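Have a look at the structure below, then the notes.
The values are calculated or read from the model by the stated rules, or taken from the named source; none is laboratory data. Just so it is clear, the model here is predicted, and its values are computed rather than measured. No Cβ is skipped: glycine too gets one built from the backbone with ideal geometry, and neighbour counts run over all protein chains shown.
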Amino acid sequence: MAQSDCARRREQAEMIFGRKVAKGIPLARAFCAAGVALHALLLAATTVGQVASPNPPATSAPAPAPAASVPSIRISTRLVQISVVVKDKKGNPVTDLTKDDFTLLDENKPQAISVFSEQTTQPAPAMAQPLPANTFTNRFEDRTGVPTSVTVVLFDALNTHFDDIAYARLQVLKLIDQFQPDGRVAIFGLTQDLVVIQNFTDDRQTLLGAVKNYTPRDSMELGTNASVAGLFDASNNGPAQINIGETSPAAAEYYRRDRALRTATALQAIAHYVGRLPGRKNLVWVSSSFPFSADAEQVLSDADIAVYPVDAMGLRAGGPAPSPAMDFIAKQTGGRAFYNGNDVSGSIREALQDSQVTYVLGYYPDHGAWNDEFRQLDVKVDRPGLEVRYRNGYYAAQDAPPTPVTRQALLQEAVDSPLDSTSIGITVKATLTGSRSMQTVRVAVRVDSHAIALSPDGDQSIAALDWLVAQWDAKGKLLKAQAETTRIRVDQSNRDAWENSGLGTQFALPLLPGAARIRIAACDDESGATGSVTIPIKRLVADTH
């Protein structure tokens, strides 16, 4: 099964990048190894300076700005935001704090708090209207009932034996049956890949039905006689050890690394999906072992996601000690670790309760040391006897733009993920035309300009977006991928249109036989930020006919 899965991924890489990929190279590395510029792929089209609507009025013209105005550059300042949970001695949330009650330190240097808000589990006002037919978006703010806090429960069957994950499933069913979730809850599973069991909802019956219908499978790589203890990425100063029955050391090491890569890819997909949401973001990670890489740590930190590792093995009488990774992950992200207990449902309940009241602090660092190093954060509250929990730092990532090879990998991850990436807001209006035997999907795309990094070029500002558009069948087989680059040039004549309307562009896609979904993904050449939108063909056909 694992070999066929790897073969499928390798075929996808070869289809997109037009060259053979050596066996044994993980998917993300395969696309890096291909080394083919995106604009040299199937479409290689370029769109220049499209900042107005795809169908603008013939008489419309943006008002000119003063000639002395200097184009603004989005990446000139950086805002770091921290989600903070504060509880009293009885474990109740503290609800009456103000900005003046907090002191925020970056490497022991006090920072001016520029952004302050108190988030609760009450839903945000329903400002957005339901999307029109044939319209799809990854922008949470364009959907009704946007939550102010979310919790993802991840059943990690890849790193957990069947008996343990099955027990955890029963515990989650018990929790949902007895407890009305505050905020929105999603249930994901991880086997060979990340799967969406139930997307975000606050409906208890929907969650119950989804979890009841989910049948976790044993990890083939662990095997039924595997003994897992303290699986921990070596880069985080922990033991990297695994014992897989009679498997050879070389095979055991291969499976360990493969699981670590698949786990990191899943965590990154979750971070890219929920990172744009406001308020508290919890990830309850139910597993027996917790491979945690530096890449996963950074992307979870950037998305301000609090991780709650829950030991699926429960009470470990005579068994291996809990992984040292659990406390490390919780401390790094502002969550809590739960182990040596059989009450998995109680652990998840505590994570949900942490979302009842959250304080969001934001500041603009003035250290100037953007060198990819980890920087320590400390938050103090001017009131004794309180428990204060937050992520303990962030990575000061450099401003250097990603290389073409890196952008290829980022785009392919966005296309291949089961979840839409939301760092770049994208809204798509799709139209199905032609006869049933020869149909074309015409797509009008609108991109949020605030997510695009502009660079100065004389008296103008420039940017570029790489696109990858893929069609998949119902079994997840890639049928075709198209790529192109949109080059953007903003001057004083179209700056207002750019700021207010963003980028507009269009695609025409011949619909392939057997296509079940279309994924449109974009990557910002300057920042490496990605966004993607999925178009289900069944829904498109139903709306059209």
**Study point:** Counted residues, segment 472-524 - those being basic (Lys, Arg) and assigned to a strand (DSSP E or B)
**Key:** 5
Review point. How many residues are over 20 Å from SER435 (Cβ atoms) and in contact with a Ser or Thr (Cβ under 6 Å, 6 or more places away or on another chain) if we restrict to segment 502-516?
Key: 3
Review point. Name the pairs whose Cβ atoms lie under 9 Å apart, with the first residue in segment 398-422 and loosely packed, with under 15 Cβ neighbours inside 10 Å, the second basic (Lys, Arg) and assigned to a helix (DSSP H, G or I), and 6 or more positions between them or separate chains?
Key: none
**Study point:** Selection status of LYS281, assigned to a strand (DSSP E or B), touching a helix residue (DSSP H, G or I) at 6+ places or on another chain (Cβ under 8 Å), at pLDDT 80 or above and of a type outside the set (Phe, Trp, Tyr)
**Key:** yes
Practice item. Considering each residue of segment 434-448, count those that are part of a loop (DSSP other than H, G, I, E, B) and under 21 Å from the mean Cα position of the chain (by Cα), and give that number. Key: 1
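Taking the condition of a type in the set (A, V, I, L, M), outside the structural domain of ALA271 (by TED's automatic domain parsing) and over 23 Å from the mean Cα position of the chain (by Cα), does ILE537 pass?
Working: of a type in the set (A, V, I, L, M): yes; outside the structural domain of ALA271 (by TED's automatic domain parsing): yes; over 23 Å from the mean Cα position of the chain (by Cα): yes.
Yes.
Inside segment 298-311, can you point out the residues that are within 23 Å of PHE200 (Cα to Cα) and touching a residue at least 40 places away in the same chain (Cβ under 8 Å)? Steps first, please.
Initial filter on segment 298-311 (within 23 Å of PHE200 (Cα to Cα)): 299-310.
Scanning segment 298-311 gives SER301, ASP302, ASP304, ALA306, TYR308, VAL310.
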Point to revise | Members of segment 339-384 that are at pLDDT below 95, surrounded by fewer than 20 Cβ atoms within 10 Å (Cβ to Cβ) and of a type in the set (A, V, I, L, M) | key: VAL360, ALA369
Exercise for review: Among residues belonging to segment 303-325 that are within 24 Å of ARG257 (Cβ to Cβ) and surrounded by fewer than 20 Cβ atoms within 10 Å (Cβ to Cβ), point out the one that is modelled with the highest pLDDT.
Suggested key: PRO324
